[in-house]
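Structure first, then comments.
All of the numbers you see were taken from the coordinates with simple rules; none came from a lab. Owing to the predicted nature of the structure, the values given are computational and were not obtained by experimental measurement. Cβ coordinates were reconstructed from backbone atoms using ideal geometry, including for glycine residues, and neighbour counts include every protein chain displayed.
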């Protein structure tokens, strides 16, 4: 996940300079948008994860957090849920950054994006031969 062009990564690459250019666009905490903040610590993201029944460990690296969650989530579709949740958060972030569409805090855009992804996934699975 460190390869994502979060605002922190863009600052490190010297693409963004001013501190206000690197702040998270999904919340009002006025903290730099890092991968950890965007997917784990941001109140918007935490709300999205809570919708999915996911409560991340507050400490540890990303792999450590995934392992801790996997031990407690105990569903065969564990990674599907994680990927869909992370993708939804990333899409919401990109809509805010590139299209100027503010997220419907706390959950509006997360719910609609998740429902859209779920319906497309179910349609895709139904169309596959068994």
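Below is a table of values for the structure above.
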| read-out | value |
| --- | --- |
| Mean-position separation - Cα centroids, segment 36-85 and segment 3-17, in angstrom | 24 |
| Most to least packed among 65-73, 25-33 [average Cβ atoms within 10 Å] | 25-33, 65-73 |
| Relative contact order, percent, segment 1-103 [alpha-carbon distance under 8 Å, six or more residues apart] | 21 |
| Neighbour-count ranking [beta-carbon atoms within 10 angstrom, fewest first] of 47, 76 | 76, 47 |
